[in-house]
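Working notes, structure below.
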Amino acid sequence: MFIPWFKLKLTALLKKIEPKARTLFEFGLPTAKKTLGGKAGRRPGTHLKSRPSKIILVPLLVLLLIFSTGCWDKREIEDLAFLTAWGLDRLENDEIQASVVIVKPFAVAGPAGGGAVARERPFWLAKSTGRTLLEAMCNFATFSPRFIFCAHSRFVIFGEETAREGIEEMLDFFERNREPRLTAHIFIAKGMTAAKFLESEYELVPLPPEGGQGMLQNATDRLGTTVDTNINDFLIMLEEDGIEPVVGCWEVISKKPVPLKGELLREEIIQSPVVNGAAAFKDDRLVGWLSPEEARGLQWILGGVKSTPLIVKNPVDPPRLLGIEVMRATSELIPSIKKGKPHIKIKVEFEGSIDDNQGFFDPEKNPNLIGKIENYMADAVEREIRLVLHRCQQDLNTDVFGFGAAINRAYPREWKRLKKRWDEEFPRVDVSVDIEAHIRLSGLIIKSIKKEN
Amino acid sequence: MKPLEEGQISPRQLYALLVLSHLETTTSVLPSLTTAFAGRDSWLAIILAIIAVLPLGFLAAWLGTRFPRQTIVQYSSSLLGRPLGFLLSSLYIWFFMYITALVARESAVGFNLSVLPQTPPIVLIVILVLLAAITARSGIEVIGRLAESSFALVIFFTLLTLVLPLSFAHPEYLQPALARGVPRVLKAALIPLGLLGEFIAANMAIPYLTKPEKTSRTFLYTALTSGMIILFFTLVATAVFGRTAANLTIPPFKLARMISIGNFFERIEVIVLAVWTIVALIKASFYLWIGSLGIAQLFNLKSYRALAYPLGIITVVLSILAYENFAEAASFYVPQTWGVYSITIELGIILLLVIATLLRAKKINTLGKIPEN
């Protein structure tokens, strides 16, 4: 019988290594079990006595090392460009323009050794267009040497024109794609495109997203004249019945560079952003602006005021003013239905301490004084609430307060009836405001230094 | 003849095994499955499911303690006779093998959606099933210890991803209750009920328990723990995502992505993937073990270990054939399909066996053997 030479060799080889291979591959199989009946003295797991041979195990472990690093989806940090803020605009040819702020890590670190070296701008402002947001993002590949990585994005900014046309179709990307986070903040650039907005720089902070983060935190923590909405909040307000989205509104002020004497290093900042009120939406379209006062009115209603200065008249020294720092504000919406008509009671309660006084002030001699100031505070807050109510109910007709949602929670049956004609019903909703203001502290002094005149 | 399985597990190991098996589905798709039907009322649906699964648990535990030395495959053929018992056991084995395939596919899809978009799903499936087959070959003892030793870590990570996003929660989204009607809630309850009912898998492991008398207590604790985790997941997902929760493909991952504490402690969603890996491995190896041991007992084989790899290959093929795309998966994971299917099998098998036991109570002793004389 004819056997080819290679087959011969192979069978010979196999015969040669067979006993060895057997010992090599016989692992994991249990050896014969001896003590089955005696449960008491039995140590569990003893039937797995044989161990894999080390000759097999070591190469296997090395192989494991190679494969555990991942082949398909590895991304080296050196190959990534970290996107930190998006500016989204719809162009005239209906394409979407994505302007992105990308951090330059080498410029953030600064030159080694320090010193007054001309420093590079620590971010790169890049623009790309496409018919959808995904296409625009992928088109960055035509000119970016690094992969644009969106998981670290902090801000999504829309231009005013774009926001008026509707932004939902761009938000789907943020919800669907695995990289961007829903915790990114949204705001609208008033009177300009988002691309133009992103050209602005911040004082004190070289990186725009950090500057934006700081400003937003300052504005919500100290002032309360804007709103801080993230993508998740926006989507929920869009999806829920009886509540419309509201986001922050930012503007840009131009600065003429003034040469400052006596400083070694002076970067010229031509334009920088300011936080300015809020933008009210109806569905996914921008319908109007809320001034800082109105935005604070909205925050009183939503219970979002963390701390804010409230300026009222000094009751004993009338033209002069009294500054009160408000803290711990809470609010509650209490809906009721009377004869088929919805009614909302807004209950606001807050505390403040006197932080600033221009005139004479002596609470010890005048026990009614605190009560008077508290009434003034309540009046001031009610004025702001009425302002924003009028603006949203009469001018804009958009339920940014969530009155509809509050009615839905308390009276789901009636809401089914009201839902269909909420647009006509909302401007006619009767709102009563109940405010409780408290003054607890007067700062580090009690009386003013000024004499009674 | 030597018994097929010589390992032993403690009730605590069984508990860990069952809870982690439930957790696999909970941390992947379950929260959006219930919210898709019941919306913000899904927590009610889950409470209903927990209550409804308790009788099933007690029946299954009663069966197990009635035949403490036999698996469900063995006593079903001695109770119902060879042909009918064979059919019932095959159904039982098929049910868990199919779930294994779905688990493999689910975890591959989860990895593809979250961090490994370019990795072919077949690679992920094969790695998981290979590991599971190796573990299943090693016997119930190894699987039980694997579950027990990873239990605390997995639960800790799971709770971490649940507690930390609470800063974004709006509890008011849970109201109004029952606005969309009771039928929707009842319908949505079928899915968590089907999942919780999977603990009839333990009827294969009861004879290897060190203390079989603790079975019913173990079942009760399992149902309560798993139910609480599902409930908590659904509540948090609803409170954080509002109505958009029903639209998510993998809510736990999305929840973990929301975590942001002081702009510093964030981007920790990878721990969800770690949890997936561990619990998918445990669930797949447990169910593969059920499959191999069940088939070996069904055909009176000498060893079940040889079956683990072939069954693994079948699992890989099944998992690829399970569904073509996300739309098919979405139409499959609905109460009227998956819910009804799983509950019918779980409840059907247990009820049939319980009735048979009661009818033939005098003829059979606790060993499941009909006396000769």
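Given only helices, namely DSSP H runs of n ≥ 4 each adding -39500 (n - 2.57), what is the per-residue ellipticity at 222 nm of chain B, to the nearest 500 deg cm²/dmol?
Per the formula, -23000 deg cm²/dmol.
Over chain B, calculate the relative contact order: mean separation of alpha carbon pairs under 8 Å at least 6 apart, over the residue count, as a percent.
Over chain B, the number comes to 39 percent.
Please state, to two decimals, what the Cα-based radius of gyration of the range A:172-237 comes to when divided by 2.2 N^0.38 Å (N = residues).
1.23
Say R0 is 22 Å: what FRET efficiency, to the nearest 0.05, do A:K306 and A:A410 get from their beta-carbon distance?
With R0 = 22 Å, the Cβ-Cβ based efficiency is 0.25.
Evaluate the distance, in nm, between pseudo-label points positioned 7 Å from the Cα of A:D356 and of A:K447 along their respective Cα→Cβ axes.
So the label points at A:D356 and A:K447 sit 2.5 nm apart.
Averaged over all directions, how much area does the convex hull of the C-alpha atoms of the range A:291-453 cover when projected, in nm²?
Average projection, Cα convex hull of the range A:291-453: 10.6 nm².
Please average, across the residues of B:248-254, the number of beta carbons from any other chain that are within 10 Å of each residue's own beta carbon, and give a whole number.
Rounded to a whole number, the mean comes out at 1.
Bin width 20 Å, alpha-carbon pairs only: give the P(r) of chain B as whole percents, running from 0 to the bin holding the largest distance.
For chain B, the pair-distance distribution reads 30, 58, 12, 0.
Starting from the range A:137-228, pick out the GluC sites (Glu not before Pro) whose DSSP state is loop and whose Cβ has at most 13 other Cβ atoms within 10 Å.
A:E203
How well do other chains shield peptide B:299-305, expressed as the mean number of their Cβ atoms within 10 Å of each residue Cβ?
1
Once R0 is set to 22 Å, what does the formula 1/(1 + (r/R0)^6) return for the Cβ-Cβ distance between A:C138 and B:F265, expressed as a FRET efficiency to the nearest 0.05?
0.10
I need the Kirkwood Rh of the range A:140-185: take the reciprocal of the average 1/r across all distinct C-alpha pairs and report it in angstrom.
Evaluated over the range A:140-185, this radius sits at 12.2 Å.
Kirkwood Rh and Cα-based Rg: tell me the resulting Rg over Rh for the range B:106-187, rounded to two decimals.
1.14
Check each of the trypsin sites (Lys or Arg not before Pro) in the range A:392-453 and keep only those in coil by DSSP with at most 13 other C-beta atoms within 10 angstrom; list them in order.
A:R421, A:K447, A:K451
Mark the label point 7 Å from the Cα of B:Y221 along Cα→Cβ and return the residues of the range B:9-23 whose backbone N is within less than 12 Å of it.
B:10-19
Using the Cβ atoms and a cut-off under 13 Å, what net charge is assigned to the surroundings of B:I140, where Lys and Arg are +1 and Asp and Glu are -1?
Taking every Cβ under 13 Å from that of B:I140, the sum is -1.
How long are the semi-axes of the ellipsoid equivalent to the range A:82-206, from square roots of 5 times the Cα gyration tensor eigenvalues, in whole Å, largest first?
27, 16, 13
In nanometres, what is the gap between the two model label sites at A:D379 and A:Q394, each 7 Å from Cα along Cα-to-Cβ?
About 2.1 nm, to one decimal.
For the range B:1-115, evaluate the Debye formula with one uniform point scatterer on each Cα (no solvent term) and list log10 I(q)/I(0) at q = 0.20 Å⁻¹, rounded to two decimals.
One equal scatterer on each Cα of the range B:1-115 leads to -1.35.
For the range B:198-266, max minus min Cα coordinate along each principal axis, in Å, sorted largest first?
Sorted largest first, the three principal extents are 51, 27, 16 Å.
Only Cα pairs under 8 Å and at least 6 apart count here; give the relative contact order of the range A:268-420 as a rounded whole percent.
Across the range A:268-420, relative contact order equals 23 percent.
Exceeding 20 Å between C-alpha atoms, which entries from my cross-link table qualify? They are A:K190/A:K255; A:K282/A:K345; A:K196/A:K256; A:K347/A:K420; A:K127/A:K256; A:K338/A:K416.
A:K282/A:K345; A:K347/A:K420; A:K127/A:K256
Rounded to the nearest 0.05, what FRET efficiency is calculated for A:D172 and A:K365 with R0 set to 60 Å and r the Cβ-Cβ distance?
With R0 = 60 Å, the Cβ-Cβ based efficiency is 0.40.
In a shell of Cβ-Cβ distance under 11 Å around A:E349, excluding A:E349 itself, what net charge do Lys and Arg (+1) and Asp and Glu (-1) give?
Charge balance in the 11 Å sphere: -2.
Using the basic label-point model (7 angstrom from Cα toward the beta carbon), what is the A:R121 to B:A152 distance in nanometres?
Computed distance between label sites A:R121 and B:A152 equals 5.4 nm.
Given a cut-off of 15 Å, what percent of all Cα-Cα pairs of the range A:270-313 lie beyond it?
57 percent
So, taking all protein chains as they sit and a 1.4 Å probe, how much accessible area belongs to B:L359, in Å² rounded to tens?
140 Å²
What fraction of the DSSP beta bridges in the protein assembly as shown is antiparallel, stated in percent and rounded to the nearest 5?
Restricted to the protein assembly as shown, the bridges split so that about 65 percent are antiparallel.
If the viscosity is 1.567 mPa s and the temperature 4 °C, what translational diffusion coefficient in µm²/s does Stokes-Einstein give for the range B:106-248 when Rh comes from Kirkwood over Cα pairs?
It diffuses with D of about 70 µm²/s by this estimate.
GNM on chain B, C-alpha springs below 10 Å: top fluctuator among B:A327, B:A308, B:A132?
B:A327
So if each residue of separation counts as 0.36 nm, and I subtract the Cα-Cα distance between A:I56 and A:I337, what length gain in nm does that give?
93.4 nm
Can you run the Rg to Rh ratio on the protein assembly as shown? Use alpha carbon positions and the Kirkwood inverse-distance Rh.
A ratio of 1.07.
The values are calculated or read from the model by the stated rules, or taken from the named source; none is laboratory data. Every value quoted in this text rests on a predicted model; they were computed, and no experiment measured them. All Cβ positions, even for glycine, are placed from backbone atoms using ideal geometry, and neighbour counts span all protein chains on display. To get the accessible areas, we keep the full protein, side chains included, count just its heavy atoms, and leave off ligands, DNA and RNA. Shrake-Rupley method; radii C 1.70, N 1.55, O 1.52, S 1.80 Å.
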